[in-house]
Amino acid sequence: MAKKSKGGQGTPATVALERAGVGFSVHDYVHDPTAESYGGEAAQAMGVAPERVFKTLVAEVDGALAVGIVPVAGQLDLKALASALGGKRAAMADPAAAERSSGYVRGGISPLGQRKALPTVLDASALEHPTVFVSAGRRGLEVELAPGDLATLTGAVVAPISRR
């Protein structure tokens, strides 16, 4: 997969991918501020099955921030996330805390190039696809890469953490 960066679209996520030397491609689309679901909008705008587009969610596991990466077609199973990280309880993080920790805005939080590296879990369904899409660090911009590269670059545990 060729690297495709367009001028002015460099984000911490794409910079991290370039530094790592992994294959990826950048896909942009016009973000609609009235869209009900950022991930659903991305899948539809790019003409990609929602099972291949993953959302990055920041949660608190036993009081510490963590990241869950799940398909936009599903929901994060908080109990499964806590279990995958050896914790007991999980809850969604305050959106402001997620933005501060990641350095990204809600709807554009990428699992890559975050300001502070957090424990991360990638839903096992990602491995069913040759490539997956995640936010590139801003609304309307996605990166496509191999799920194994995503897991390696984020230091993610791969576990079933999504439910429909």
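The values are calculated or read from the model by the stated rules, or taken from the named source; none is laboratory data. Being a predicted model, the structure only gives us computed values, none of them experimental. As a convention, Cβ positions derive from the backbone with ideal geometry for all residues, glycine included, and neighbour counts pool all protein chains shown. We work out accessible area using only protein heavy atoms, side chains counted, and drop any ligands, DNA or RNA first. Shrake-Rupley method; radii C 1.70, N 1.55, O 1.52, S 1.80 Å.
Figures for the structure shown
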quantity	calculated
Strands (runs of 3 or more DSSP E) wholly inside region 53-155 containing at least 3 residues that are closer than 26 Å to His31 by Cα and either modelled with pLDDT of 95 or more or not acidic (Asp, Glu) (or both)	54-61, 64-71, 132-138, 141-145
Test set (1) among the aliphatic types (A, V, I, L, M); (2) outside any loop (DSSP other than H, G, I, E, B); (3) over 18 Å from Ala146 (Cβ atoms) - Val26 fails condition number	(3)
Hits in region 35-72 (condition: open to solvent by 50 Å² or more (accessible area, probe 1.4 Å), under 14 Å from Arg106 (Cα atoms) and free of Cβ contacts under 8 Å to residues at least 60 places away in the same chain)	Glu36, Ser37
Residue check for Gly86: open to solvent by 50 Å² or more (accessible area, probe 1.4 Å), farther than 21 Å from Phe133 by Cβ and free of Cβ contacts under 8 Å to residues at least 12 places away in the same chain	yes
Qualifying residue in region 97-108 (condition: open to solvent by 40 Å² or more (accessible area, probe 1.4 Å), among the polar types (S, T, N, Q) and touching a residue at least 40 places away in the same chain (Cβ under 8 Å))	no
